[in-house]
Amino acid sequence: MRENQYIVDDLTLNDSWRMFQIMAEFVKGFEVMPEAYPAVSIFGSSKIKPKSTVYKNTVKVARLLVENGFNVISGGGPGVMEAANLGAAEAKGKSVGLHIELPSEQKPNRYANIRLDFRYFFIRKVMFVKYAVAYVIMPGGFGTLDELFEALTLIQTKRIRHFPVVLIDSRFWKGLLNWAKETLVRQGTISESDLDILNVVDTPEEAVAIIKRRVVV
């Protein structure tokens, strides 16, 4: 009932007033986010548990990024997002959580020392990409894939600068990459060179090395 009410309220909200809400979220982001630059946006599943290897690797990559001069942006929730904010905060960096209001009542994690709340996904996505110099993609679900493919599309179409997109955990990403090569490239829906946008590694150290080598800030 609560979820349905959330959807109905959003659909029936007067469009003119919705524009003011959208503008307010953009303004809030544009005022706060420049202090986080240069940052790396880290994505991954909200369902990852603290004892998992993925969680521990996310903490480590975030910590290493801060130690090498970068700040960290996450979605501000649990799982990989929490691990990213934890690692950045422990390393005394700017740990940004871009929290989204959802019907499922996703709770923000306590490790973000800069937090923004969003109602609209598309505004939040602008903040992820506008203030990032790289993306790190941990294992995740639909939301993670959404952010990954949006970045690939924007880079492919030259709508944003070509920055590093690093996938951590080659075993997890193997099936997707094989499908892209064997289906998308073979069918001609993408060029083989489009896959060069992706960097696939297995350790936080490899991920940070690629970003350091490719990013000039």
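None of the figures in this text is laboratory data; all of them are computed from the coordinates on show. Note that the structure is a prediction, hence the values are computed from the model and not measured. Here the Cβ positions follow ideal geometry from the backbone for every residue, glycine too, while neighbour counts run over all protein chains shown.
Whenever a residue of region 17-38 is in contact (Cβ under 8 Å) with a residue 12 or more places away in the chain and within 14 Å of residue 119 (Cα to Cα), its partners that are among the hydrophobic types (A, V, I, L, M, F, W, C) and in a helix (DSSP H, G or I), lying with C-beta atoms within less than 7 angstrom and at least six residues away or across chains, give the pairs 22/123; 25/123; 26/123; 29/123; 29/127.
Determine whether residue 29 is among the small types (Gly, Ala, Ser), surrounded by fewer than 24 Cβ atoms within 10 Å (Cβ to Cβ), in a loop (DSSP other than H, G, I, E, B) and touching a Lys or Arg at 6+ places or on another chain (Cβ under 9 Å). For residue 29, the condition - among the small types (Gly, Ala, Ser), surrounded by fewer than 24 Cβ atoms within 10 Å (Cβ to Cβ), in a loop (DSSP other than H, G, I, E, B) and touching a Lys or Arg at 6+ places or on another chain (Cβ under 9 Å) - is not met. From the list 107, 47, 92, the lone residue that is under 22 Å from residue 174 (Cβ atoms), surrounded by fewer than 24 Cβ atoms within 10 Å (Cβ to Cβ) and not acidic (Asp, Glu) is 47. Within region 50-86, the set of residues being within 15 Å of the chain's Cα centre (by Cα) and of a type in the set (Gly, Ala, Ser) comprises 62, 74, 75, 76, 77, 79, 83, 84. Could you check, for region 170-188, whether at least one of its residues is part of a loop (DSSP other than H, G, I, E, B), over 22 Å from residue 207 (Cα atoms) and more than 12 Å from the chain's Cα centre (by Cα)? The answer is yes; a qualifying residue exists. Picking from residues in region 192-217 that are in contact (Cβ under 8 Å) with a residue 60 or more places away in the chain and not in a helix (DSSP H, G or I), the one that is nearest to residue 139 (Cα to Cα) is 203. Restricting attention to region 178-199, does a residue exist that is of a type in the set (Gly, Ala, Ser) and surrounded by 13 or more Cβ atoms within 10 Å (Cβ to Cβ)? Within region 178-199 (the criterion being of a type in the set (Gly, Ala, Ser) and surrounded by 13 or more Cβ atoms within 10 Å (Cβ to Cβ)), the answer is yes, since at least one residue qualifies. Scanning region 81-97 for residues that are in a strand (DSSP E or B) and farther than 17 Å from residue 47 by Cα turns up 95, 96.
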